[in-house]
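Trainee: Have a look at this one.
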Amino acid sequence: MNILGVESSCDETAAAVVADGRRVISNVVNSQIDIHKVYGGVVPEVAARSHLEVVIPVINEAVEGAGGWDNIDAIANTTMPGLIGSLLMGSLSARELAIIKDKPYFPVHHVEAHVYANFLGDNPPKFPFLALIISGGHSQIVLFRDHGNYELIGQTMDDAVGEAFDKVAKIIGLPYPGGPSIAAAALEGDPNRFKLPKAHMQGKYDFSFSGLKTAVLRAVQDAVDVDHTYPSTKLAEKLSSKQQHDFAACFQKVACETLVDKLVLATEEFQPKSVVIAGGVAANQELRRQLKERLPIPIDFPAPKFCTDNAAMVAALGYYKAQKVTPTDPRHVEVIPSISMSETKWG
Ligand code: KG4
Ligand code: ZN
């Protein structure tokens, strides 16, 4: 069964065709990173316009890559959560096409779809499994008992970890998106040069990353010898490239350790058959290194290109939904900018 996935929740317009939830036939991603880079972050109105310009060509390319519409059995589409204008551009197109081409339509949750990047390929996770979902908008540990049947174990109380990577990158003068630029700078830095704190949370599996971000800010102020009133946008100019690399390495190490500490604890308590990571930050190599070293069970990682936003993960989730739930009428769908995964169980 071939599913066409359509994704547009933030700043990537993506379409992909996946066979039987695991074999990627075509995968097209149009990233807006270069457009938003000049602003230092995603500008919602600009994102929506860019989606509008490219969404149909992106979908056409994915469908042609699979040999045309005759080879498409159903459409899966991200309708929640995300930027409302961005979600609408992909969703209106996907729904219109579902009507015109007469294909069953399945709305999917973006964060849940990230987890399904782990079902692509020949080695899918076994239930029950724990998922560490870490992106620009989310940091959570979720226990999956079956497809569509999951429980939130812990989550961030403030910033998402990807958001912390992006904010720290800004403080130390590295380009957007912060995750990949911090990872690259960290390769040349000393991860033990500055001491940064780990947050202690009341909830055993909850996270907090805003304190770590502020700790980096204070340490940078100290390192360049200015007080707290000095404009944070001007701090980076005062850092040497050695200091910049060291801050990147120290922040990355502690942020990853914080995630791994909790995931190791949860693995010991819940004894899952598999553990997976998902979302843009899951592309991080230092995180992967620490997980391989510390997790009590073996772990496989999705290809980095399926960790950041893409539509193959959406199509993979769509396939499992198509086995269990009836299609949704594309005329009666609303996009939802903010909704937790645990409110959308379907299994
Ligand atoms: O999943 P994603 O593409 O979009 C959201 O759903 O948010 O995640 C984007 C986030 C950004 O914060 C970006 O800085 C981070 O993922 N990211 C990384 C890496 N690649 C992307 N963070 C750490 N290391 C990376 N290699
Ligand atoms: Zn995402």
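The values are calculated or read from the model by the stated rules, or taken from the named source; none is laboratory data. Keep in mind that this is a model prediction, so the values were computed, not measured. Note: ideal-geometry Cβ built from the backbone for every residue, glycine included; neighbour counts use all protein chains shown. Keep in mind that these areas ignore ligands, DNA and RNA; they rest on the heavy atoms of the full protein, side chains included. Shrake-Rupley method; radii C 1.70, N 1.55, O 1.52, S 1.80 Å.
Trainee: Quick one: which residue in Ala94, Ala113, Ala98 is within 16 Å of ligand 2 (Cβ to nearest atom) and within 21 Å of Gly21 (Cβ to Cβ)?
Mentor: Among Ala94, Ala113, Ala98, only Ala113 is within 16 Å of ligand 2 (Cβ to nearest atom) and within 21 Å of Gly21 (Cβ to Cβ).
Trainee: Output yes when any residue across segment 64-72 is farther than 22 Å from Cys307 by Cα and touching a Lys or Arg at 6+ places or on another chain (Cβ under 8 Å), and no when none is.
Mentor: yes
Trainee: Name every residue in segment 51-66 that is assigned to a helix (DSSP H, G or I) and either touching a Ser or Thr at 6+ places or on another chain (Cβ under 7 Å) or modelled with pLDDT under 95 (or both), in order of residue number.
Mentor: His51, Val54, Val55, Ile56, Val58, Ile59, Ala62, Gly65
Trainee: Quick check on segment 319-326. Is at least one of its residues out of contact with any Asp or Glu (no Cβ under 7 Å at 6 or more places or on another chain), among the small types (Gly, Ala, Ser) and not assigned by TED's automatic domain parsing to the domain that holds Gly154?
Mentor: Yes; the residues of segment 319-326 include at least one that is out of contact with any Asp or Glu (no Cβ under 7 Å at 6 or more places or on another chain), among the small types (Gly, Ala, Ser) and not assigned by TED's automatic domain parsing to the domain that holds Gly154.
Trainee: Among (1) open to solvent by less than 20 Å² (accessible area, probe 1.4 Å); (2) within 16 Å of ligand 2 (Cβ to nearest atom), which single condition is Asp166 missing?
Mentor: (1)
Trainee: Which one of the conditions (1) farther than 15 Å from Pro81 by Cα; (2) touching a Cys at 6+ places or on another chain (Cβ under 8 Å) does Gly136 fail to meet, given that it meets all the rest?
Mentor: The single condition Gly136 does not satisfy is (1).
Trainee: Just wondering, is there one or more residues in segment 139-159 that are open to solvent by less than 50 Å² (accessible area, probe 1.4 Å), touching a residue at least 60 places away in the same chain (Cβ under 8 Å), in contact with a Leu (Cβ under 6 Å, 6 or more places away or on another chain) and within 11 Å of ligand 1 (Cβ to nearest atom)?
Mentor: No - not one qualifying residue is present in segment 139-159.
Trainee: Do we find a residue being loosely packed, with under 11 Cβ neighbours inside 10 Å and among the charged types (D, E, K, R) anywhere in segment 230-244?
Mentor: yes
Trainee: If you take the residues of segment 276-324 that are charged (D, E, K, R) and within 16 Å of ligand 2 (Cβ to nearest atom), which of them is least open to solvent (accessible area, probe 1.4 Å)?
Mentor: Asp309
For every residue, the table says whether it meets (1) in contact with a Ser or Thr (Cβ under 6 Å, 6 or more places away or on another chain); (2) more than 16 Å from Phe119 (Cα to Cα); (3) near ligand 1 (Cβ under 10 Å from one of its atoms).
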{"position": "Gln285", "(1), (2), (3)": "no, yes, yes"}
{"position": "Arg288", "(1), (2), (3)": "no, yes, yes"}
{"position": "Leu291", "(1), (2), (3)": "no, yes, no"}
{"position": "Asp300", "(1), (2), (3)": "no, no, no"}
{"position": "Thr308", "(1), (2), (3)": "no, no, yes"}
{"position": "Val314", "(1), (2), (3)": "yes, no, no"}
{"position": "Tyr320", "(1), (2), (3)": "no, no, no"}
{"position": "Gln323", "(1), (2), (3)": "no, no, no"}
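Trainee: Looking at Gly137, Gly162, Gly154, Gly179, which is the one that is more than 30 Å from Thr328 (Cα to Cα) and not in a helix (DSSP H, G or I)?
Mentor: Testing whether each residue is more than 30 Å from Thr328 (Cα to Cα) and not in a helix (DSSP H, G or I) leaves just Gly154.
Trainee: Answer with yes or no whether Thr13 is more than 18 Å from Glu334 (Cβ to Cβ), crowded, with 22+ Cβ neighbours inside 10 Å and either hydrophobic (A, V, I, L, M, F, W, C) or assigned by TED's automatic domain parsing to the domain that holds His332 (or both).
Mentor: yes
Trainee: May I pose another question? With respect to Thr328, determine if the residue is away from ligand 1 (no atom under 15 Å from the Cβ), touching a strand residue (DSSP E or B) at 6+ places or on another chain (Cβ under 7 Å) and within 26 Å of Gly211 (Cβ to Cβ).
Mentor: Here the answer is no, as Thr328 does not meet what is asked.
Trainee: Here's something else I'd like to know. Could you figure out which of (1) open to solvent by 10 Å² or more (accessible area, probe 1.4 Å); (2) within 16 Å of ligand 1 (Cβ to nearest atom) isn't true of His109?
Mentor: Single failed check for His109: (1).
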